[in-house]
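Right, one structure below, let's go through it.
Bear in mind these aren't lab numbers, they're just calculated from the coordinates by the rules spelled out. The structure displayed is predicted, hence computed values, not measured ones. Neighbour counts are summed over all protein chains in view; Cβ atoms, including those assigned to glycine, are modelled from backbone coordinates with ideal geometry.
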Amino acid sequence: MTTIYGINNCDKVKKALAWLKEHHHSVSFYDFKKQPLTTALLTEFISLSSWDALLNKRSTTYRNLPQDIKDNLTGDVAFKAVLAQPTLLKRPLLHHKGQLYLGFKEKDYQELFN
């Protein structure tokens, strides 16, 4: 099963979901605002990617973090920060065929689903 992780009011998530629906691809949507990000799920994301790729350093959530956390946003510090504030993750996160794809670009989705 293909799953998209994100938040419902994110423009990129909306675009990804609309593209998938328009192209008749069945996906499950996991909304971090309605379903908590679990330790197991975050551990899986990390196993499929890296903190550098996963963290959305342009987000308001990131900009509002205390500087001491921003300066040490790896390992346990990053793990705890993201569990507390899942909007630190880039969106959408697409889990498809055992791989994790970050963000939405129509061209990438066309290649991935063809």
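Key figures for this structure:
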quantity	calculated
Cα convex hull volume per residue for the chain (Å³)	102
Selection of trypsin sites (Lys or Arg not before Pro), the stretch 23-114, meeting DSSP coil and at most 15 other Cβ within 10 Å	Lys33, Lys34, Lys57, Arg58, Lys97, Lys105
Candidate lysines for bridging to Lys12, where Cα separation is under 20 Å - those fewer than 8 sequence places away on the same chain excluded	Lys21, Lys33, Lys34, Lys57, Lys90, Lys105, Lys107
